[in-house]
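The numbers here are math on the coordinates, done by the rules we state, and not lab data. None of the values given here were measured: they were computed from a predicted structure. Please note: Cβ atoms are built from the backbone with ideal geometry, for glycine as well, and neighbour counts cover all protein chains shown.
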Amino acid sequence: MASRRLNAKIARDDKRVWVVKRRKRTRQLIELGGLVAKAKLIELTDDDRAVIFGVLVEAAARLRSEDRDKALLLWWRRGKRAFEALAPEREPRA
């Protein structure tokens, strides 16, 4: 039991460059998956990964088009509003 804890602590504290980069990438992928979940794409597509990937491919194609700037602005505004709608009510500080 103690050796497992020690090994876990050593793994958490590992600062080798490749380990830090892997953790950063893993965190990024988890956060991006969270955005897919927050957008309700999982429920709306019945967890059909091909459909979700198709939506993302379509967005990438739009970002390669002449409408890139319009699409980015539109999606940024929608995303910002969606985040604000999800944010819990905060009490004003005294």
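Here residue 35 qualifies as of a type in the set (A, V, I, L, M, F, W, C) and in contact with a Gly (Cβ under 9 Å, 6 or more places away or on another chain).
Entry remark, region 38-51: residues being surrounded by 11 or more Cβ atoms within 10 Å (Cβ to Cβ) and not in a loop (DSSP other than H, G, I, E, B) number 5 in total. Restricting attention to region 58-68, the residues that are assigned to a helix (DSSP H, G or I) and surrounded by 11 or more Cβ atoms within 10 Å (Cβ to Cβ) total 4.
Residues checked against (1) surrounded by 11 or more Cβ atoms within 10 Å (Cβ to Cβ); (2) assigned to a loop (DSSP other than H, G, I, E, B); (3) not hydrophobic (A, V, I, L, M, F, W, C):
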| position | (1), (2), (3) |
| --- | --- |
| 7 | no, no, yes |
| 24 | no, no, yes |
| 27 | no, no, yes |
| 70 | yes, no, yes |
| 81 | no, no, yes |
| 85 | no, no, no |
| 88 | no, yes, yes |
